[in-house]
Each structure stands twice: as structure tokens, then as C-alpha cells.
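Readers should treat all values here as calculations from the given coordinates under stated rules, not as data from a laboratory. These numbers were taken from a predicted model, which means no experiment stands behind them. Methodologically, a virtual Cβ is constructed for each residue, glycine included, from the backbone with ideal geometry; neighbour enumeration extends over all protein chains shown.
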Amino acid sequence: MGKTNVLEAIYFLCMGKGYFSSLDKYSVKQTQSFFRIAGIVENDNQQETKIVIKYKEGGRKEIEINGTVLEKLSDHVGKVPCVLFSPEDVTLLLDTSEARRNFLNNTLVQYDADYLKAILLYNKLLKSRNAYLKQMSYLKSYDEQYLESLEEQMALPAAVIFEKRKELVLTLNGLFEKTYALISGEHENCSVTYQSQLFDKNILQAWKETRNTDKILSRTGFGIHKDDILLWMNEKPIKHYGSQGQLKSFVLSLKMAQYHLLKTIKNTKPIIMLDDIFDKLDNERVRHLFDVLSTDEFGQVFITDTDQNRIPEIIGQLSSGGKQFTIFEGTIQNTTVYEPA
């Protein structure tokens, strides 16, 4: 009916890009050629900021803040911190290292401008190196000095990314362990650890040693783009040993840890979006989750659900109260206000 689209729009306003769509063009409604999203964000001091994001197929995306178009999209990232959890996260975070790296990136870019610059530069140079390797594989001729030049440029942002990811995972793990204990009722011992090739080798030396292999494969096989985070439950990989409820609690706790970290660093309460969280989460875990969400630690929370009766019961237990929006075929049909408990 469009419930997830609401969360996608909120996320877009916060981050300047979509959560569920990898490219802007995929966020455009079928039969249409553009989209425009507008919203007003109120900070802790009740100051309002109007954000407008416009995109037209074949054109450049624009972000307006209070009527002024930003020169760079990266200038907006982190201004409105947010955390989004969806059922797809469980599969993605458990199955793909790319999704786990994206989780680290999504966290760091919201508070660290140096990290954002480093990851943008590294990815740009990595793309150039891979393109050169692929192009020259047809000609069987390589300019070694050009490759060395690219690698020397990549090494500095790679070192920045490595150190910041290492620090992040260490901090996240402490927050994650506490959150998982609250949501699960302390039934399991869970943790996350950082895995990187840079722990074992100097990156410039490694690129020199693997250059011939990279030429054969036409891609860069060593670097921070191969980083990962390992997910453990009772000292075993959770992917192979966790139940559906445990897996979902694990990923949800990881997002809650992300929330607490952003809240502490940004000194504001990020927006939380929980998409269809009740799927495969048993009643006990749901109760533990809302015990956590009902504290003063959290600000605005958006929850989607297919059961129109369940949300009012939950809102009724919250000291802050809330609103229920019923969405039908992409539009809000009615709104119900629930006073604080």
C-alpha cells in the first residue's frame, strides 16, 4: 500500500539517497520521469529546517535546505541522523559482506566528514584502477608507473578508513552486547568483530605482490573494499546457528547500537524507522524491544505494520503517545492520535 515508501522518503530526506534503491532512477514512480520529496525537520531546540530533494531522469539530483541548493550532496549527509531497520536487512547483513560494509559506511558518514571524503576518494580511485586493469587486459600492456601512482593515492584514504572502521566496530560491539541482552532477555551471548586484510599486510606492499593476479582477474583483490564484520552467537557464526527470531534480534540490536552511537556523537536523538519488525519476532522479543523504545533515550520512531490493531496497543503503552496513519494505495486515508499513557 506504500508503507515502506513513507520510510524511504524520510530516509531520503535524511541521507540524500534511498535506502531500498541503489540508484535514484529506481526511486522514480513507474510512468513518471521525476520525483520531489519535501519535509520539515525540527531539531531539539524547535528550530525548523525545510528539506527538498528533486531528481529528474537523466539530470542531476538537487538538495535544497531552506530554499538554498547545496553545491555538494555530501554537505547534507549527517545533518539529520537516522537509523532504518527492514526485514531485508536480516538476509543482507547475514549473507553479504557488501551489506555489512555498507552498514559501517552508513554509520560513519553520518558523523565523520573525514571518513566520507576518504571513502569517496578511495572508491573513485578503485574504480579507475579496476577500469584500467580491464582495459589493459585486452592490450596485454600495462603502465606500471601509472598503477603505482594510483596505489599511492589509494593508500592514504585506505589507512583512514581502516583506522576509523576498527574504532567503530570496537565501540559498536560494546553497545550491541548491551542492547541484544535487553531485546533477547539475555538468552544468548552475541558479539561483532572487524575483519580486514590490512591487519596482516602493508597495503602498498600487498598491491605490489598481487599486481600480476589483479591483471589476470582485471580487478583489485586486496584492500579495504574487502573488509567485513563477523557476527557471533555463543562464539559461533550466527548465520549457521541462529533461529529466525535470534537472527532478527541480532540485526535489530546492531541497528539499535548504531542509534546509541549516533545519539552520543551527534548529541541529538536520531530518527528511527522500523519496517515490518513484527515478522518472525516473537511476542517476548517484541515486548523487550518496546520496553527499550519507550525510554527517554529515544526520540521520534516510525513503525510500519500490516495489523491495524497491534500498533494502537503498543502506542497505548508508551509514555509519549503517538499517531497512527492508515495508508491505502499510496495515500494516507486517516490519522488517529493517541494521548500519552
In what order do Ile40, Ile315, Ile327 fall by count of nearby beta-carbon atoms within 10 Å, going from fewest to most?
Ile40, Ile327, Ile315
Report the paramagnetic label zone for Glu152: residues of segment 197-216 whose backbone N is under 12 Å from a point 7 Å from Cα along the Cα-to-Cβ axis.
none
State, as an integer percentage, the relative contact order of segment 5-123 based on alpha-carbon contacts under 8 Å between residues 6 or more apart.
18 percent
DSSP-defined beta bridges in segment 244-337 - what % are antiparallel, rounded to 5:
60 percent
Spin-label model distance (nm) - Ser320 vs Leu73, 7 Å beyond Cα toward Cβ
2.9 nm
For segment 1-155, with +1 on Lys and Arg beta carbons and -1 on Asp and Glu, the positive-most of Tyr138, Ser97, Asn123 along the dipole
Tyr138
As I understand it, the value is the acute angle between the Cα axis of helix 3-15 and the longest principal axis of the Cα atoms of the chain; what does it come to in degrees, rounded to 10?
60 degrees
On C-alpha positions alone, give me the angle between the axis of helix 144-184 and the longest principal axis of the chain, in degrees, nearest 10.
30 degrees
Just to be sure I understand: with springs between alpha-carbon atoms less than 10 Å apart, which residue in Lys134, Lys17, Lys164 has the highest mean-square fluctuation in the Gaussian network model of the chain?
Lys134
Rounded to the nearest 0.05, what FRET efficiency do Asn5 and Glu167 have when you use their Cβ-Cβ distance and R0 = 35 Å?
0.50
Any cysteines in the chain with zero other Cys Cβ atoms under 4.7 Å from their Cβ? List them, or say none.
Cys190
Nearest-ten-degree value, helix 97-108 long axis tilted from longest Cα axis of the chain:
70 degrees
Work out, step by step, the length gained on full extension between Asp228 and Thr213: first 0.36 nm times the residue separation, then minus their alpha carbon distance; give nm to one decimal.
3.2 nm
Options Val251, Gly185, Ser33, ranked by Cα towards positive dipole end of the chain, top entry (Cβ charges):
Ser33
Placed amide H near Thr268: partners under 5 Å, 5+ positions off or other chain:
none
Where the centre of each part is set by its Cα atoms, how far does segment 3-23 sit from segment 251-282, in angstrom?
16 Å
Mind checking the dipole of segment 48-159: about its Cα centre, +1 per Lys or Arg Cβ, -1 per Asp or Glu Cβ, Debye to the nearest 20?
320 debye
For segment 201-302, run through the GluC sites (Glu not before Pro) and keep only the ones in DSSP coil with at most 12 other Cβ atoms within 10 Å of their Cβ.
Glu235, Glu297
For segment 15-102, which GluC sites (Glu not before Pro) pass both filters: DSSP loop (anything but H, G, I, E, B) and at most 11 other C-beta atoms within 10 Å?
Glu57, Glu71
Answer rounded, prolate or oblate for segment 195-341, using the Cα gyration tensor with square roots of eigenvalues a ≥ b ≥ c: rounded when a/c is under 1.5, else prolate when a/b is larger than b/c, else oblate.
prolate
Which of Asn173, Asn102, Asn66 ends up with the largest GNM mean-square fluctuation for the chain, with Cα atoms connected below 10 Å?
Asn66
Contour minus end-to-end for Glu329 and Asp307, with contour as 0.36 nm per residue of separation and end-to-end as the Cα-Cα distance?
6.3 nm
Output for segment 177-211: trypsin sites (Lys or Arg not before Pro) sitting in coil per DSSP, at most 16 other Cβ within 10 Å, listed by number, reads Lys201
With -39,500 (n - 2.57) per DSSP H segment of 4 or more residues and division by the full residue count of the chain, the 222 nm estimate, nearest 500 deg cm²/dmol, is -15500 deg cm²/dmol
Suppose every Lys and Arg Cβ carries +1 and every Asp and Glu Cβ carries -1, with no other charges. What dipole size does the chain come out with about its Cα centre, to the nearest 20 debye?
1100 debye
The chain: most fluctuating residue of Thr304, Thr31, Thr264 per GNM, C-alpha cutoff 10 Å:
Thr31
To the nearest 0.05, what FRET efficiency results for Ile37 and Ala181 with a Förster distance of 51 Å applied to their C-beta separation?
0.85
Return, ordered by residue number, the residues of segment 80-94 whose backbone nitrogen is under 13 Å from a label point located 7 Å along Cα→Cβ of Thr264.
none
Arrange the following residues from fewest to most other Cβ atoms within 10 Å of their Cβ: Ser86, Ser21, Ser253.
Ser21, Ser86, Ser253
Pairs of Cα atoms under 8 Å, at least six residues apart: use those to get the relative contact order of the chain, whole percent.
18 percent
Please state the charge dipole magnitude for segment 1-96, taken about the Cα centre, from unit charges on C-beta atoms (+1 on K and R, -1 on D and E), reported in debye and rounded to the nearest 20.
420 debye
With labels modelled as points extended 7 Å from the Cα through the Cβ direction, what inter-label distance (nm, one decimal) is found for Gln46 paired with Asp296?
1.8 nm
